[in-house]
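Visitor: Got a structure for you, questions after.
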Amino acid sequence: MNGTDMTCGGGIETWLQYVDGFKLRHFCLFELLDDKRGLACLTDYHRKLVEAAVENGFGVINEGLHYRASRDWGELIGYSREGLEEINIRGIEFYKDFAREYGSPETPMTVGGVIGPRGDAYDVGRTPEAAESEDYHSEQVLTFKKAGADQISALTLSSVHEAIGISRAAKAADMPVVISFFVKLGGKLSGGETLEEAITRVDAATGSAPAYYMINCTHPSEFEPALTPGDWTGRLGGFMPNAVAMDTLSLCKLGHLEDGDPEELGGQMADLARRFPHIHVWGGCCGTDGRHIGEIARQVRGVRAAMAGG
């Protein structure tokens, strides 16, 4: 991280499904690049996010639509390996367009490729071992490198083994990688590990390969118990909260969007900015859009000014 506060968006699928009315096959957002209205809605959603960030002096990690653009999910909806590589690359080009349009020294624009779990993030089932994960995810890692992405973000991970595999794949490709864990209510991963244990294990197994770690797809009131005191919190670099406090699997099955109170979420993130002044990535996940990002950026910026005596 370069010291500039950044934002990013995730969980775009819920917005496109429940607000724009798309039926995403197997939650695969990337195929909307081949749909005229889908591309327009993706562009509108992301433009509002970027403009809210820039208005508040934040940079943006431009990413999100590749979450399920890996082999197993692609095959389920009829994509060959060649077709999947091509649409992964087009997705990176989609984000490069925003980076070119909005980037400035004050509001830097990073282009990221998102990797999601091989299986379901919430109904985990069998979790692959590290070597298997490295082999599987290396396909998407190498595609992102070929496309010219600046970094890789692995989101909503529940398995330490999978996090190790992705980190090793990125390290082998000489690509910066961010690992973001999904912690359940009570502050632990699905396997029972604390966030501290998960981060410590990944660092030990990969030579501290991740640039930093994040938490995504849960609400601050739910993940706060994971933030136990200790030097390990220095490895945290960002938060991507859901808009509301609700079991994520239930949230995905409501049939409508729960977008909560953007101002309240901004205040909760501002509290975290006071507690963890080193953190510089303040994003949003399920149920969030440009309104939430604008409030988060505005209130975190206020904390920065107060702490600097301005």
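Visitor: May I ask you to list the residues in the stretch 143-160 that are more than 22 Å from residue 196 (Cα to Cα) and out of contact with any helix residue (DSSP H, G or I) (no Cβ under 8 Å at 6 or more places or on another chain)?
Guide: The answer is 145, 150, 151.
Visitor: Can you tell me which condition residue 225 does not meet? The list is (1) under 16 Å from residue 121 (Cβ atoms); (2) part of a helix (DSSP H, G or I), and all the others hold.
Guide: (1)
Visitor: Oh, and also: Within the stretch 219-246, how many residues turn out to be in contact with a Phe, Trp or Tyr (Cβ under 7 Å, 6 or more places away or on another chain) and surrounded by fewer than 16 Cβ atoms within 10 Å (Cβ to Cβ)?
Guide: Residues meeting the conditions: 0.
Visitor: If you go through the stretch 119-136 one residue at a time, do you hit one that is closer than 16 Å to residue 84 by Cα and part of a helix (DSSP H, G or I)?
Guide: Just the residues of the stretch 119-136 that are closer than 16 Å to residue 84 by Cα, to begin with: 136.
Narrowing further to those that are part of a helix (DSSP H, G or I): 136.
Yes, because at least one residue in the stretch 119-136 is closer than 16 Å to residue 84 by Cα and part of a helix (DSSP H, G or I).
Visitor: Restricting the search to the stretch 163-195, which residues are open to solvent by 10 Å² or more (accessible area, probe 1.4 Å) and either under 20 Å from residue 123 (Cβ atoms) or touching a residue at least 60 places away in the same chain (Cβ under 8 Å) (or both)?
Guide: Within the stretch 163-195, 182, 184, 185, 186, 188, 190, 191, 192, 193 meet the criteria.
Visitor: Let me ask something else. Are there helices (runs of 4 or more DSSP H) fully within the stretch 1-104 with at least 3 residues that are of a type in the set (Lys, Arg), open to solvent by 40 Å² or more (accessible area, probe 1.4 Å) and over 18 Å from residue 152 (Cβ atoms)? List them.
Guide: Those helices (runs of 4 or more DSSP H) span 36-55.
Visitor: A further question follows. What pairs come out if I take residues in the stretch 196-208 that are surrounded by 15 or more Cβ atoms within 10 Å (Cβ to Cβ) and pair them with residues that are assigned to a loop (DSSP other than H, G, I, E, B) and hydrophobic (A, V, I, L, M, F, W, C) whose C-beta lies under 9 Å away, six or more apart or interchain?
Guide: 197/189; 198/183; 198/189; 202/209; 203/209
The values are calculated or read from the model by the stated rules, or taken from the named source; none is laboratory data. Remember, predicted model here, so these are calculated numbers, not experimental data. FYI the Cβ positions are ideal-geometry reconstructions off the backbone, even for glycines, and counts take in every protein chain you see. Side chains are part of the model used for accessible areas, which takes the heavy atoms of the whole protein and leaves out ligands, DNA and RNA. Shrake-Rupley method; radii C 1.70, N 1.55, O 1.52, S 1.80 Å.
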